[in-house]
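One structure is given below, encoded as structure tokens.
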Amino acid sequence: MSRQNTARVAIVGGGILGCAAAYHLARAGVGDVLVLERDELNAATTSQAAGLIGQLRTSAVKSAIVGQTLADIATLEADGLVSGFKRTGSLRLALTPEREAETRAQVAAARRFGVDATLVGADDARRLAPGLEVPKDHPAAWMPNDGYAEPYTLATAYATAARRGGVTFATGREVLGVRVAAGRARGVTTGGGEVDADAVVIAAGAWSGVIAARAGTAVPAFPVRHQAWVTAPMDWLTPTFPVVRVPDRLAYLRPEVGGLMLGFFETTPLGVDVAARADFAVAATPRDRDVLTAHAPGLMEVIPGLGEAPVVGGTAGVPTYTPDGHFVVGALPGVAGLFVATGCCAHGIAGAGGVGRALAEAVTGEAATLDPGPMAPGRFGAQAWDALWVRVACEETYARYYELVRR
Ligand SMILES: Cc1cc2nc3c(=O)[nH]c(=O)nc-3n(C[C@H](O)[C@H](O)[C@H](O)COP(=O)(O)OP(=O)(O)OC[C@H]3O[C@@H](n4cnc5c(N)ncnc54)[C@H](O)[C@@H]3O)c2cc1C
């Protein structure tokens, strides 16, 4: 365990967002960074993710955030690191006229954002993903450059590259609080002593709000349980099977060791108040098989072969959500030198690159590459202090994840 006690920047949390922030700080020339992780790196929600990396987003900035991750993956691989990324392409299906209208609008917008996206008919969708029963009357969106990353591998690649840039990672080192004097963050207090730093970044996933509250500020994000399931291998699955999203079934899936990994966005979300549960660990996230039982039949209408394979495993964790579905990245109001990177809304793997870069630009004061407005931690004003409002709004964001976007 590193006992380093000074750094220009101290980062609280070594999940993918902390690792990507450290990487981008190092790339911006700030290698004097200390990442403090109380457990092992990337052992919390990051290790539970499905890792889908999709660029079809509702705004140019969200799309660019994911584009930065894909650019990082290319750089990491060029530097000899294994990113865990599989460029399978992704299909997004429309099962209703309303969803078709949304899909058409999203594809048109994505093209304006520079994303390679196109509409494909049922025959092409079946050719790309043999085994799909897609309706003839509604085209699907196809993004050939999308895919998924094995999340632990990608996060480890970020950490390794950050280390090469001078960053130090201290595992087994819990941050108890942020040291604030005269309205400015001066470092953090850990179980192993005090750390002096010019800037502190909270990237503690579900615990980000807890640490910010101890420093006298508020993070507009709340953790909500999310689960995924893994099936046994199925003979009919081709090696090139892509990521498939079926928003009308609140579902997504991707290949996983010869079978499929499936996730559903629950209509009655389970918020997890980690502040009220001091002993909560991601590994103990409650699992609810009723969610699978309720949603699988609808998905099987689209992928009948799913019925052939038993579910043999799964994952669960507590990603943070925000009232408007955007990340929370940048300077926290009220305490100078205190920053945050959270509010992943279940796409922190896909968004790690853009979040890391935006965070690094906020800390260094460099010109922003990505519009910081939609991610600004202070964008909800005083409402961020209303814990009940934040929780309810974040649970609603989860429940509406695949709701139709009307323009
Ligand atoms: C089932 C499931 C499927 C998902 N699928 C996808 C997907 O397909 N695509 C996608 O992009 N995202 C997906 N996600 C979301 C993704 O996992 C998250 O967005 C991402 O992992 C968030 O990373 P993080 O670094 O913010 O949090 P975490 O990985 O939780 O990291 C936070 C770290 O902070 C540490 N920490 C907390 N408190 C302290 C403290 N006081 N001192 C020191 N360290 C501390 C924790 O130990 C932890 O390691 C999924 C999530 C789940 C659960």
With a 1.4 Å probe and all protein chains left in place, how much accessible area per residue does segment 199-277 have, in Å²? 31
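Send over the Kirkwood Rh of the chain, from the inverse of the averaged 1/r over different Cα pairs, rounded to one decimal Å.
On the way: mean 1/r = 0.0469 Å⁻¹.
By the Kirkwood definition, the hydrodynamic radius is 21.3 Å.
Using DSSP to call loops (not H, G, I, E or B), can you name the trypsin sites (Lys or Arg not before Pro) in segment 1-100 whose Cβ has at most 16 other Cβ atoms within 10 angstrom? Mind showing how you got there, number by number?
Working: sites: Arg3, Arg8, Arg27, Arg38, Arg57, Lys62, Lys86, Arg87, Arg92, Arg99; in loops: Arg3, Arg38, Arg57, Arg87.
Filter output for segment 1-100: Arg3, Arg87.
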List the relative contact order of segment 270-407 as a percent without decimals, with contacts defined as Cα pairs under 8 Å and 6+ residues apart. 23
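Could you give the DSSP H helices of the chain that reach 30 angstrom or more along their long axis (alpha carbon positions) and whose average Kyte-Doolittle hydropathy is no lower than -0.5?
Numbers: long enough: none.
Taking the DSSP H segments of the chain (at least 30 Å long, mean hydropathy at least -0.5), we get none.
Net charge within 11 Å of Ala336 by Cβ-Cβ distance, Lys/Arg positive one each and Asp/Glu negative one each, not counting Ala336 itself? Don't skip to the end; give the middle numbers.
Values: positive: Arg184, Arg186; negative: Asp198.
Summing Lys/Arg as +1 and Asp/Glu as -1 gives +1.
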Looking at Pro242, Ala64, Gly121, which one has the Cα that reaches farthest to the positive end of the dipole of the chain (charges on Cβ: Lys, Arg +1; Asp, Glu -1)? Ala64
Given contacts defined as C-alpha pairs under 8 Å and at least six residues apart, what's the relative contact order of the chain, whole-number percent? 24
What ³J(HN,Hα) values, in whole Hz, does the Karplus curve 6.51 cos²θ - 1.76 cosθ + 1.60 give for segment 135-149 when θ = phi - 60°, with x put for Gly and Pro? x, 5, 7, 10, x, 9, 8, 10, 10, x, 8, 6, x, 9, 10
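What dipole magnitude, in Debye to the nearest 20, does segment 1-106 give about its Cα centre under +1 on Lys/Arg Cβ and -1 on Asp/Glu Cβ?
Values: 11 positive and 10 negative charges, 36 e Å.
The calculation lands at about 180 debye.
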Choice from Thr103, Thr156, Thr364 showing the highest fluctuation, given a GNM over the chain with Cα pairs closer than 10 Å: Thr364
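Given only helices, namely DSSP H runs of n ≥ 4 each adding -39500 (n - 2.57), what is the per-residue ellipticity at 222 nm of the chain, to the nearest 500 deg cm²/dmol? Kindly include the intermediate steps, with their values, before the conclusion.
Details: 9 runs with 113 residues, N = 407.
Calculated mean residue ellipticity at 222 nm is -8500 deg cm²/dmol.
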Antiparallel DSSP beta bridges within the chain, percent to nearest 5: 70
How many angstrom lie between the C-alpha centres of segment 110-140 and segment 365-407? 30
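The values are calculated or read from the model by the stated rules, or taken from the named source; none is laboratory data. Please read all numbers here as calculations on a predicted model, not as lab measurements. Don't worry about glycine lacking a Cβ; one is built from the backbone with ideal geometry, like all the others, and counts go over all protein chains shown. With ligands, DNA and RNA removed, areas are computed over all heavy atoms of the protein, side chains included. Shrake-Rupley method; radii C 1.70, N 1.55, O 1.52, S 1.80 Å.
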